[in-house]
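None of the figures in this text is laboratory data; all of them are computed from the coordinates on show. Note that the structure is predicted; figures quoted are calculated from it, not measured. Virtual Cβ from ideal backbone geometry, glycine too; neighbours counted across all protein chains shown.
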Amino acid sequence: MSEGVVREWVRLFKSERENIHDEERSGRRPLVTDELVQKIDGKVREN
């Protein structure tokens, strides 16, 4: 992780941020959902 990225996170946490999770935003939904991760995890553990 670059120093610039770390500085940005520090700035965000000092001003308003309370967690590391991305905020909801408009646009295309993520392709990988929690449900998909659970399904894949289940299939992997079956084998």
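Some points to look at:
- In the chain, helical runs assigned H by DSSP with n ≥ 4 each contribute -39500 (n - 2.57); averaged across all residues and rounded to the nearest 500, the mean residue ellipticity at 222 nm is -17500 deg cm²/dmol.
- Estimated FRET transfer efficiency when R0 is 30 angstrom, pair Glu3-Val37 (beta carbons, to 0.05): 0.45
- Dipole in debye (nearest 20) - the chain, about Cα centre, beta carbon charges: Lys, Arg +1; Asp, Glu -1: 140 debye
- Counted charge near Arg29, where neighbours are those whose Cβ lies closer than 13 Å (Asp, Glu -1; Lys, Arg +1): -2
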